[in-house]
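Chemist: Got a structure here, written out as structure tokens. Questions coming.
Since every read-out is calculated from the coordinates, none of them should be taken as a lab result. Quantities reported herein were computed from a predicted structural model and do not represent experimental measurements. Cβ sites come from the backbone with ideal geometry, for glycine too, and all protein chains shown count toward neighbours.
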């Protein structure tokens, strides 16, 4: 199993699945995931934009994992969305999954915005490479 698949499976095992818009993470789990990404030796970027902290990791297999963590002033706080960008069988794939300990309806609205962003990232990587 490559590093990306392992990382995503570990994160998925840490949280319960989002079902019927219920809280699916604790504040502690969200902070623990944030800290793991900050401590990752492959981290290549960390930025704060308005009300979200973005942490990026490039794995040995050239896949990219992006963690989007809400800050206190974000309406969906506490929450995060993890995205993975990877190549498989010559095609670029973008995957995201979200976790919240806050208002689920606000979180769902925020999570839905990642679908369009993922399609844009996929087009960009297919056109220009990583």
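Chemist: Let me make sure I get this right: for the range 27-66, a, b and c are the square roots of the gyration tensor eigenvalues over alpha carbons, sorted descending. Under 1.5 in a/c it's rounded, otherwise prolate if a/b > b/c, else oblate. Which is it?
Modeler: Judged from the Cα gyration tensor, the range 27-66 comes out oblate (a/c at least 1.5, b/c at or above a/b).
Chemist: Moving on to the next point. I'd like to compare 66-78, 115-127: which one has the highest average count of other Cβ atoms within 10 Å, and what's the full order after that?
Modeler: Per-residue Cβ counts within 10 Å, averaged per peptide and sorted highest first, yield 66-78, 115-127.
Chemist: Still on this structure, I have one more. Using the per-residue mean of other Cβ atoms lying within 10 Å as a proxy for protection, in what order, highest first, do the peptides 34-41, 82-89 fall?
Modeler: Going by the mean number of other Cβ atoms within 10 Å, highest first, we get 82-89, 34-41.
Chemist: Using the Cα gyration tensor of the range 33-112, with a ≥ b ≥ c the square roots of its eigenvalues, what is the shape: rounded (a/c below 1.5), prolate (a/b larger than b/c) or oblate (neither)?
Modeler: Oblate shape, in that a/c is at least 1.5 and b/c is the bigger or equal ratio.
Chemist: Also, quick follow-up: Could you give the length gained by full extension between residue 122 and residue 95, i.e. 0.36 nm per residue of separation minus their alpha carbon distance, to one decimal place?
Modeler: 8.7 nm
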